[in-house]
Amino acid sequence: MERQDVEAKYKWHTEDIFSSDEAWEGAYSEAEASIDFKRFEGTLGTAEGVHAFFTAQEDAGKRLEKLYLYAHMKHDEDARISKYTAMQARAMALYVRFSSESAFAEPELSALDEDVLRSYLQDVRLQDYDYFLRTLLKNKKHILSAAEEKLLASGGEIYGQFQNIFSMIDNADLKFGEIDDGKGNKLELTHGTYGVILHGTDRALRKRAFEQYYAGYIGLKNTIAATYYGNVRKDVFLSQARGYDSCLQRALEGEDVAECVYSNLLSAVHESLPTMHRYIALRKKLLGLPEQHMYDIYAPLVADAELKMPYEEACKLVAEGLSPLGDEYCALLRKGFSEGWVDVCETTGKRSGAYSTGVFGLHPFVLLNYQQTTHDIFTIAHEMGHSLHTYYSNATQPYAKADYRIFVAEVASTVNEVLLLRYLLAHTEQTGMKKYLYNYFLDMIRTTLHRQTMFAEFEYIAHDKAEKGEPLTSENLCEVYLGLNKQYYGDAIVHDEQIAYEWSRIPHFYTSFYVYKYSTGIVSAISIADRILREGESAVKDYKNFLRSGGSDGPVELLKIAGVDLTKKDAFEAAMHAFEEALRQLEKLTA
Ligand SMILES: [Zn+2]
């Protein structure tokens, strides 16, 4: 389908951002003229100076965000239109100029005396920046002298090179060759086709693809190990230079997350591993395999049970499923569906997948490629969860505190998925659908909770070794990874020798200590959703206050508003219990 053939009611209203491309051009020229921050350098020693700088920065920031939003949404509508590719690149370039011109501010503020910073915290003109200033004060002990900071900053481009090298290997130079698709056709094996094959039903093809794909990485094992070691050494260098006890401490303090959250996650997941082993054993039984291999782990376990319904009905179903969140939330959902927030249909040239996006002062937007699958209905619930989080936060917080962190972002989307799942389970008698839904949930937990925690544990061990002066090699990284794989997946699966090399193909490992946030996100979401279903109104009230809190405090503090305290071990219990219960149900249904 071409975009021009889509009915207007299925398209998002980009005109709510700019009425036309001409209007965008006008705003671009104004924004370009508003970027002049060098004049503020050296003026942040007084509250007046800081206030003037923040005001100018906010003004330019708002303009740039709108420019970029419009250009990237237009580009995503149809990537073939080069005009929008160019507009997106121009908006991006302006943004880079904005960031580099205002980059002086944080070091300049950090270098001020503590007393001066504390006086800023008391200044009414700067009250929107209280969390920013508190964080600055907290991290001040890790700021070095001006000369040292300058030297460290001059290495900025080098620190990112390890990620760059891996990306070049992984996306440009590494070729996996062609593979026979089993029907006599030759297929190029890429990251994309590998994923499709592993999720498919042709087992012999899965095995061939697995072996051929890993052969690519194994052929470069020493290069990739050296690249990863460089990345870890970079983390060790930066954390030691700034006086942190460990790389983990530096990463978590940067996110305003206590270290016990990380260790609580690891120990809670370890305690739940017997349940994971039972799930892997059930997979083996349901797939009817005498031997289950690592290339079987994504194979479909139960037949897809498709609800198959037009978009309008899916929206109605989502709103019903989310009705425990109350009338106000559902009215906002319906407003979003009917007032041009969502771009629904798959059309030629449109960006694939789904996302929610938005800027301050405007309603959020959602991109979908709706195909009438059950999965797509969950996607509506997921993306609208992000959108309403944005909506509530923007409506409550000032610009400076409206943006929420990744740590809390996936909570709002996953709460909606869990609520919809519970609703569908309560409203179906069909065994096929029930099996599909329980398995959907279990797979979500396996891939988002356990797999990401296993990655988090791997990163932790790798950094710990490097901090103790032990070099990282392909051999010792494989030994660690294989050990974890055995621990996490248990005896019902063959730990093929290739899987020891899985660490060498994970791009996220070049953004250290990032993936654990997926795990804490799903843990928090499950416990919030189940509390809402159990307690009703009081839990909904707390949850909506959490959505309203945006980025006004540290993420662990904000989650406490919704009743989840990740600094305590019992916060993880609800999620692990839900995991065990879903498994018990699937075992019963398939007995
Ligand atoms: Zn999401």
Handout entry: Net dipole in debye of the chain [+1 Lys, Arg Cβ; -1 Asp, Glu Cβ; about Cα centre; nearest 20]
Key = 1000 debye
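Whole number please: convex hull volume per residue, Cα atoms of the chain, in Å³. Mind dumping the intermediate values first?
On the way: hull volume 97.8 nm³, N = 591.
Considering the Cα atoms of the chain, their hull volume per residue is 165 Å³.
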Problem - Principal axis box of the range 127-181, alpha-carbon based, largest edge first, Å - result: 62, 30, 15
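Once you sort the root eigenvalues of the Cα gyration tensor of the range 360-484 as a ≥ b ≥ c, which label holds: rounded (a/c under 1.5), prolate (a/b larger than b/c) or oblate (the other case)? Mind dumping the intermediate values first?
Details: a/c = 3.17, a/b = 1.36, b/c = 2.34.
In terms of gyration-tensor shape, oblate.
Using the Kirkwood radius over C-alpha pairs as Rh, can you work out the diffusion coefficient of the range 463-591 via Stokes-Einstein at 25 °C, viscosity 0.890 mPa s, in µm² per second? Intermediate values should be presented prior to the final figure.
Numbers: Rh = 18.0 Å.
Approximately 136 µm²/s, per Stokes-Einstein.
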Exercise for the section: Enumerate the helices in the chain for which the Kyte-Doolittle hydropathy averages 0.5 or more and the C-alpha atoms extend at least 18 Å along the helix's axis, using complete DSSP H runs. Expected result: 406-426
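So if I average 1/r over every pair of distinct C-alpha atoms in the range 511-558 and take the inverse, what Kirkwood radius in Å does that give?
On the way: mean 1/r = 0.0836 Å⁻¹.
Hydrodynamic radius (Kirkwood, Cα only) of the range 511-558 equals 12.0 Å.
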Handout entry: Antiparallel DSSP beta bridges within the chain, as percent of all bridges there, nearest 5
Key = 65 percent
Exercise for the section: Hey, can you grab everything whose amide H is under 5 Å from the amide H of G551? Only 5+ residues off in sequence or another chain; H modelled, so Pro and N-termini drop out. Expected result: A402, D403
Handout entry: Solvent-accessible area of K234 with every protein chain in place, 1.4 Å probe, in Å² to the nearest 10
Key = 40 Å²
Exercise for the section: Determine which residues of the range 555-591 fall in the zone a paramagnetic label at R278 would reach in this model, i.e. backbone nitrogen under 19 Å from the point 7 Å along Cα→Cβ. Expected result: 572-591
Completion exercise
Bounding extents of the range 188-283 in its principal axis frame from Cα atoms, largest first in Å, are 52, 37, 19
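Roughly how many Å² is the accessible area per residue of the range 3-157, as a whole number, for a 1.4 Å probe? It would help to have the intermediate numbers written out before the result.
Details: 8280 Å² over 155 residues.
Per residue, the range 3-157 has 53 Å² of solvent-accessible surface.
When the dipole is taken about the Cα centre of the range 3-157, and only Lys, Arg (+1) and Asp, Glu (-1) are charged at their Cβ, what size is it in debye, to the nearest 20? Walk me through the numbers before you get to the answer.
Values: 20 positive and 30 negative charges, 59 e Å.
Here the size comes out at about 280 debye.
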Exercise for the section: Specify the inter-centroid distance of the range 105-170 and the range 428-447, based on alpha-carbon positions, in whole Å. Expected result: 45 Å
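For the range 3-157, what does the alpha-carbon gyration tensor say about shape, rounded, prolate or oblate, given a ≥ b ≥ c as the root eigenvalues, a/c under 1.5 as rounded, and a/b over b/c as prolate?
prolate
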Handout entry: Euclidean distance between Cα centres, the range 454-518 to the range 1-65, Å
Key = 42 Å
Problem - Computed label-point distance, nm, for sites K486 and N171 using a 7 Å Cα→Cβ extension - result: 3.6 nm
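Can you figure out the FRET efficiency of A204 with A153, using R₀ = 45 Å and their beta-carbon distance, to the nearest 0.05? Write down the numbers at each step before the final one.
Working: r = 54 Å, r/R0 = 1.20.
Taking R0 as 45 Å, the efficiency between A204 and A153 is 0.25.
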Practice task
With all protein chains present, calculate the accessible area of S82 using a 1.4 Å probe and round the result to the nearest 10 Å².
Solution key: 90 Å²
Completion exercise
the range 221-255 and the range 524-591 have their Cα centres apart by a whole-number Å value of 32 Å
Handout entry: 5 Å binning of all Cα-Cα separations within the range 363-407, expressed as whole percents from 0 upward
Key = 5, 20, 24, 20, 13, 10, 6, 2
Handout entry: I179 long-range amide H proximity, modeled H, under 5 Å
Key = L187, E188, L189
Completion exercise
Per-residue ellipticity at 222 nm attributable to helices in the chain (runs of n ≥ 4 DSSP H, -39500 (n - 2.57) apiece, nearest 500 deg cm²/dmol) works out to -20000 deg cm²/dmol
Handout entry: Shape box of the range 32-88 [Cα atoms, principal axes, largest first, Å]
Key = 50, 15, 13
Handout entry: Among L117, L333, F210 the positive-end extreme of the charge dipole of the chain (Cβ point charges)
Key = F210
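The values are calculated or read from the model by the stated rules, or taken from the named source; none is laboratory data. The shown structure was predicted, so the numbers you read here are calculated from the model rather than taken from an experiment. Virtual Cβ from ideal backbone geometry, glycine too; neighbours counted across all protein chains shown. All accessible areas refer to the heavy atoms of the entire protein, side chains included, with ligands and DNA or RNA removed. Shrake-Rupley method; radii C 1.70, N 1.55, O 1.52, S 1.80 Å.
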